[in-house]
1. Does the stretch 122-132 contain at least one residue that is open to solvent by 10 Å² or more (accessible area, probe 1.4 Å), in a strand (DSSP E or B) and not β-branched (Val, Ile, Thr)?
2. Does Glu148 satisfy the condition of being surrounded by fewer than 22 Cβ atoms within 10 Å (Cβ to Cβ), at pLDDT 95 or above and under 15 Å from Leu26 (Cα atoms)?
3. What is the one condition in (1) hydroxyl-bearing (Ser, Thr, Tyr); (2) open to solvent by less than 40 Å² (accessible area, probe 1.4 Å); (3) modelled with pLDDT of 95 or more; (4) assigned to a strand (DSSP E or B) that Thr7 does not satisfy?
4. Among the residues of the stretch 73-83, is any over 24 Å from Gly203 (Cα atoms), at pLDDT 95 or above and in contact with a helix residue (DSSP H, G or I) (Cβ under 8 Å, 6 or more places away or on another chain)?
5. Can you tell me how many residues in the stretch 205-226 are part of a loop (DSSP other than H, G, I, E, B) and either at pLDDT below 95 or open to solvent by less than 10 Å² (accessible area, probe 1.4 Å) (or both)?
6. Scan the stretch 136-145 for residues that are open to solvent by 10 Å² or more (accessible area, probe 1.4 Å), within 19 Å of Lys108 (Cβ to Cβ) and under 20 Å from the mean Cα position of the chain (by Cα) and jot them down.
7. Could we say that Ala55 is in contact with a helix residue (DSSP H, G or I) (Cβ under 6 Å, 6 or more places away or on another chain), assigned to a helix (DSSP H, G or I) and either closer than 30 Å to Glu202 by Cα or open to solvent by less than 10 Å² (accessible area, probe 1.4 Å) (or both) here?
8. Could you say whether any residue in the stretch 306-315 is open to solvent by 20 Å² or more (accessible area, probe 1.4 Å) and under 18 Å from Leu156 (Cβ atoms)?
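The values are calculated or read from the model by the stated rules, or taken from the named source; none is laboratory data. Quick caveat: nothing in here was measured; it's all calculated off a predicted structure. Cβ placement follows ideal geometry from the backbone for every residue including glycine, while neighbour counts extend to all protein chains displayed. Remember, those area values only see protein heavy atoms, side chains included, never the ligands or the DNA or RNA. Shrake-Rupley method; radii C 1.70, N 1.55, O 1.52, S 1.80 Å.
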Amino acid sequence: MIDGIKTYGSTELIEKLQECEEPVFLLTIGTTDTSTIPNISGAGATPELTLFTPAADAEFLVLGEVHCTQTAAETVVGGAAAPTPARLTKASLQLSNIPFVIIDAGSKVKADVSYYSLGKESGNDIRTGKGVVNPLEIIENGKDLGAELSRRHEFLIIGESIAAGTTTALGVLRALGYKANEKVSGSMPHNPHDLKSKVVDEGLKNAGVVPGEVDAIQAIAAVGDPTIAAIAGLVLGSDVPIILAGGTQMAATCAVIKSIQPNFDFSRINLATTVFVADDETADLFGILNQIDDNITVNIVDPKFEESKHEGLRNYLTGFVKEGVGAGGMMFTALVLGNSVEELREKIEKVCE
């Protein structure tokens, strides 16, 4: 038992991570014009600023400051705000002292840092039915990079940053035939399920997609986003243990992996996410995962923000942000590697100053 972590499934990967000498964190960023639909995402002060959020998160992790826009990203609803989960991730990286790299799956705003590029095009508004121009290219490039990184590292922890990612995740899950309506999470206290479903319905109709009758490539092309393709490729190209650091989007990635490789061994990967996603009464992460495979272990991290002195972090308790930028997976890693919940929370508060 590790304080702050609840594991649903096998503890095998926890033990491997504890013994691992050289894990690496991969932040996969991308954009989808879907995020500019009013009221669909809280990952930015305005719909237009959501396109800057992934680049800003990457810059903050690498540089400790943001170049692409004037301020670091935050979730703002009704005048209240919560800091970007990039701050939780940065604090966890500092405690864990592990290397990390940035991977651009396809972003409209480019980060002012070094990164691997897997896709040339950013994601389109999925209402068009043409969400991603080149999903197969992104997946194949991801496979190559996953294989390369597996040769250099014993363990991969993969996170994502893409605004409106829960909507594109819903699109991919629905296209592949899963029952996902009103099950995906969101970055705001009010989860706009009706809007998300309407956007996905329009995209599926315009793409001519009949749910359950398309493969993963067709699903991503119609109503997905670049990061889902990239992370699926990274996983399929690797041969080492992997933590998928996230919630709903990572569930959609698992569905894509299952579609591409039906016999994939899901015991090789775990999801690690926050208690804010797991306890989200407006969503059902386990209800999605149980449809995909019985062997997907989920680790839930509770940083106990109710004990924090930082008002923005306490806003996580009321439904703000919940997850992103690999925060759940990197907090999980920090705790697995021997740091206490108190040490983690204090480091997060310091990074949020």
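1. Scanning the stretch 122-132, I find no residue that is open to solvent by 10 Å² or more (accessible area, probe 1.4 Å), in a strand (DSSP E or B) and not β-branched (Val, Ile, Thr), so the answer is no.
2. Details: surrounded by fewer than 22 Cβ atoms within 10 Å (Cβ to Cβ): yes; at pLDDT 95 or above: yes; under 15 Å from Leu26 (Cα atoms): yes.
When the stated conditions are applied, Glu148 passes them.
3. Among (1) hydroxyl-bearing (Ser, Thr, Tyr); (2) open to solvent by less than 40 Å² (accessible area, probe 1.4 Å); (3) modelled with pLDDT of 95 or more; (4) assigned to a strand (DSSP E or B), the lone unmet condition for Thr7 is (2).
4. Filtering the stretch 73-83 down to residues over 24 Å from Gly203 (Cα atoms) leaves 73-83.
Now drop any that are not at pLDDT 95 or above, which leaves none.
Within the stretch 73-83 (the criterion being over 24 Å from Gly203 (Cα atoms), at pLDDT 95 or above and in contact with a helix residue (DSSP H, G or I) (Cβ under 8 Å, 6 or more places away or on another chain)), the answer is no, since none of the residues qualifies.
5. Start the filter on the stretch 205-226 by keeping residues that are part of a loop (DSSP other than H, G, I, E, B), which leaves 208-215, 224-225.
Okay, now just the ones that are also either at pLDDT below 95 or open to solvent by less than 10 Å² (accessible area, probe 1.4 Å) (or both), so 224-225.
Summing the residues that are part of a loop (DSSP other than H, G, I, E, B) and either at pLDDT below 95 or open to solvent by less than 10 Å² (accessible area, probe 1.4 Å) (or both) in the stretch 205-226 gives 2.
6. Passing the criteria: only Asn141.
7. Answer is no for this residue.
8. Just the residues of the stretch 306-315 that are open to solvent by 20 Å² or more (accessible area, probe 1.4 Å), to begin with: 306-307, 309-311, 314-315.
Of the ones still in play, those that are also under 18 Å from Leu156 (Cβ atoms) are none.
No, because not a single residue in the stretch 306-315 is open to solvent by 20 Å² or more (accessible area, probe 1.4 Å) and under 18 Å from Leu156 (Cβ atoms).
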